Amino acid sequence: MRKSQSGKSVPAPAEEASWTFFTNHGHVLLCLSQQPGMLLREVAQTVGITERMVQKIIADLESGGVLTREKQGRQNTYTINSKLPLRHAVEAHCTIEGLIDFVLSSRPGSRKK
């Protein structure tokens with residue numbers, strides 16, 4: 001929160017926020033759901049983290065059964081196990097597929113199902 005000219009507290013603009021509603025794991029998952037063959041370098045640039053951190057996140061997602069990796073030549077392609085429930089008790093009633101659909105279908109220019 002910051003003070004407006006009138007002295008009232010108002011939320012900080014998004015560009016000033018130091019946190020987001022999704023974790024980096026969620027951001028990586030959303031990137032790969034849109035482009036399953038996306039290079040880790042591109043994922044890192046899109047999410048705003050290091051390529052090494054993307055590798056760690058992908059390893060976490062693989063060990064959790066969320067992703068599977070398939071090597072195609074020199075490039076990896078990722079498949080998301082979208083029927084899995086989300087991992088926290090608060091949202092465990094939702095699936096990965098529901099999260100992806102919700103976030104990506106509300107993007108400007110996307111088609112709603």
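A few notes on this one:
- Positions within the range 64-79 being touching a Pro at 6+ places or on another chain (Cβ under 8 Å) and farther than 14 Å from Leu39 by Cβ, in sequence order: Thr79
- Consider the range 72-91 and keep the residues that are at pLDDT below 95 and part of a strand (DSSP E or B). The one that is farthest from Leu30 (Cα to Cα) is Gln72.
The values are calculated or read from the model by the stated rules, or taken from the named source; none is laboratory data. Just so we're clear, the structure is a prediction, and the values are computed from it rather than from any experiment. All Cβ positions, even for glycine, are placed from backbone atoms using ideal geometry, and neighbour counts span all protein chains on display.
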